[in-house]
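First the structure, in the form of structure tokens, and then the observations on it.
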Amino acid sequence: MNTRKKKKPCWGYHLLLDASKCDPDAIRSKKTIAEFVKKLVKEINMVAYGRPRIIKFGTGKRKGYTLVQLIQTSDITAHFSEEEGSAYVDVFSCKMYDQKKAIQVFRSFFHPERIRTRFLTRQA
């Protein structure tokens with residue numbers, strides 16, 4: 001008797017990236033963040049849906065830019081803390097992508113001293 005469960009196809013792929021001690025000028029630059037997301041979309045072979053929203057708000061340690069870029073297969077979001085020099089990036093897509101390329105693109109723009117990542121497959 002076969003007791004293996006049939007594996008469900010996953011709904012999506014989710015990269016969570018937490019970075020510390022990023023380049024302070026880069027995380028404070030709307031232009032750099034815009035260039036980053038444009039390059040990221042290209043490098044992981046996605047299609048942007050509209051222009052990115054890059055808005056600065058918050059107070060104290062929570063002040064900085066937030067990025068939202070819709071892609072045809074879901075979204076890319078990021079939050080940058082100017083006070084702490086940290087960044088939190090999520091790349092979610094129902095289309096598979098190369099997470100290593102995504103991390104490389106992030107490193108090339110923001111030069112963090114440390115990155116912690118998780119890569120999840122999503123299925124309800």
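Please treat every number below as a calculation from the coordinates, not as lab data. A quick note: this is a predicted structure, and the numbers were derived from the prediction, not measured. Positions of Cβ are generated from backbone atoms using ideal geometry, with glycine treated the same way; all protein chains shown enter the neighbour counts.
General remarks:
- The residues neighbouring residue 18, those whose beta-carbon lies less than 14 Å from its own, together hold a net charge of +2 under the Lys/Arg +1, Asp/Glu -1 convention.
- In order through segment 92-98: 3J(HN,Hα) via Karplus (6.51 cos²θ - 1.76 cosθ + 1.60), integer Hz, x for Gly, Pro: 10, 7, 7, 9, 4, 8, 8
- Degrees, to the nearest 10: 99-110 long Cα axis against longest axis of the chain: 0 degrees
- Between residue 68 and residue 21, the modelled labels are 3.3 nm apart [label points 7 Å from Cα along Cα→Cβ].
- Summing Cβ point charges (Lys, Arg +1; Asp, Glu -1) relative to the Cα centre of the chain gives a dipole of roughly 600 debye.
- With the highest mean first, a sort of the peptides 57-63, 28-34 on other beta-carbon atoms found within 10 angstrom per residue produces 28-34, 57-63.
- Volume per residue of the C-alpha convex hull in segment 34-124, rounded to whole Å³: 107 Å³
- Selection from 91, 64, 26, by position along the positive dipole direction of the chain (Cβ): 91
- Computed helical MRE - 222 nm, the chain, DSSP H runs ≥ 4 contributing -39500 (n - 2.57), nearest 500: -7000 deg cm²/dmol
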